[in-house]
Amino acid sequence: MSIATVSRVINGSDRVSPRTRQKVLRVIEENGYTPNAFARGLGLNTMHTIGLLCADAADPYLAQAVNDLERRLRQSGYDSLLCCTGYEQETKEKYLSLLLSKRVDGLVLVGSHFVESEEAGNAYIRRAAQEVPVMLLGGALAGQNLYAVRCDERAAMRGAVRRLLASGRQNVLYLYNSMSFSGRNKLAGYREGYADAGRSAPEGLALMLDAYRFDVAQVRELLARKWDAGARFDAVLAADDRLAVGAAKFAKLRGLRIPQDLSIIGCNNSPIARYCDPELTSIDNRLGDLCAACVDGLMAVLEGKPCPADAALPAALVERESTDLPKEE
């Protein structure tokens, strides 16, 4: 029996008689043989493996995204290789090169932290796209073989500010902790919401917590210091549900009623929003839909089918107990 015949059986070729196929399969079973995925991939010109880059798997949002992506990829017949890069540019480039060396069929950059505001910082992504298709989940970067799937968070924040102002709130504090692609868009949306009302955003009420990892006590103390220094705000719009929980802790610390004295809106519509008391109104950026669209788009590209270069899904505001918003007209 030739090596070529065994190879045809392993790779599912129909150029083998049923009798020979059964004979080969019996020998494989008796010897406990497992095909070498790397060697097989070289022959087939595909590893059926997708590389995932994630800045921080301890981040609840990113962890859920990785889980959804891996499950969807398995359903599509692809394995995953995950690298957690942190936020330093050098490390991001190192791990992207590592995944390319593993001969992955495509890359998914999970989260918007990979897209830099300065073009020079995106050169390594463009170089990777010369070798394999690159999907950006949560960010966007125009270029050949680059594809983006994201939520229109700019419009979502803009709409949230409009709703808060329509409810009678005057001074909406915007609380954030990142100037990533997503962070920049959210901040712009906050300012545009005020512009829609013919006003400028209040001076000093866009407040950045300078930490990717934080606990709610840090947020509570930051807002307390701002309040004690004389700042007055009757609403908090937060770029993340965890930041919004910190705002709720601040309200309790200073004896403010939610939502009567302080309205609070978070973002991501994570389980945290439902576990909090009172439950938080939150912007649903439809992470499950984003992950599904990301994998479906990547499969289309790998099969030579059309795929949108930049797909932006609309968000939804899920209203709960932390706001008293008027109905939209």
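The values are calculated or read from the model by the stated rules, or taken from the named source; none is laboratory data. What you are looking at is a predicted structure, and each value in this text was computed from that prediction instead of being measured. Using ideal geometry, Cβ is built from the backbone for each residue, glycine included, and neighbour counts are taken over all protein chains shown. Accessible surface areas use protein heavy atoms only, side chains included; no ligands, DNA or RNA. Shrake-Rupley method; radii C 1.70, N 1.55, O 1.52, S 1.80 Å.
Some points to look at:
- Filter result (open to solvent by less than 50 Å² (accessible area, probe 1.4 Å) and over 15 Å from residue 140 (Cβ atoms)) within the stretch 290-315: 291, 292, 295, 298, 299, 300, 301, 315
- Yes/no for residue 117 being in contact (Cβ under 8 Å) with a residue 40 or more places away in the chain and farther than 21 Å from residue 288 by Cα: yes
- Identity of the residue in the stretch 169-226, open to solvent by 40 Å² or more (accessible area, probe 1.4 Å) and among the hydroxyl-bearing types (Ser, Thr, Tyr), that ends up nearest to residue 243 (Cα to Cα): 212
- Out of 139, 121, 77, sole residue that is out of contact with any helix residue (DSSP H, G or I) (no Cβ under 8 Å at 6 or more places or on another chain) and outside any strand (DSSP E or B): 77
- If you go through the stretch 263-289 and pick out every residue that is more than 18 Å from residue 138 (Cβ to Cβ) and surrounded by fewer than 18 Cβ atoms within 10 Å (Cβ to Cβ), you end up with 6.
- Residues located in the stretch 227-241, provided they are of a type in the set (A, V, I, L, M) and buried (at least 16 other Cβ atoms within 10 Å of the Cβ): 231, 235, 236, 237, 238, 239
- Breaking point among (1) among the basic types (Lys, Arg); (2) surrounded by 17 or more Cβ atoms within 10 Å (Cβ to Cβ); (3) at pLDDT below 90, for residue 72: (3)
- Members of the stretch 31-69 that are closer than 20 Å to residue 103 by Cα, modelled with pLDDT of 90 or more and not in a helix (DSSP H, G or I): 48, 49, 50, 51, 52, 53, 54
- Flag for residue 150 being buried (at least 19 other Cβ atoms within 10 Å of the Cβ), under 23 Å from residue 295 (Cβ atoms) and at pLDDT 95 or above: yes
- Pairs are defined by a Cβ separation below 6 Å, a sequence spacing of at least 6 or placement on different chains, a first member in the stretch 157-173 that is closer than 20 Å to residue 284 by Cβ and of a type outside the set (Gly, Ala, Ser), and a second member that is assigned to a helix (DSSP H, G or I) and open to solvent by 50 Å² or more (accessible area, probe 1.4 Å); the pairs so defined are 162/196.
- Of all residues in the stretch 166-194, those satisfying the criterion of being of a type outside the set (Lys, Arg) and over 28 Å from the mean Cα position of the chain (by Cα) are 166, 167, 168, 170, 171.
- The condition (being farther than 30 Å from residue 259 by Cα, at pLDDT 95 or above, open to solvent by less than 40 Å² (accessible area, probe 1.4 Å) and assigned to a helix (DSSP H, G or I)) is satisfied by just one residue among 128, 156: 128.
- Only listed residue being in a helix (DSSP H, G or I) and closer than 24 Å to residue 172 by Cα, chosen from 244, 300, 231, 292: 244
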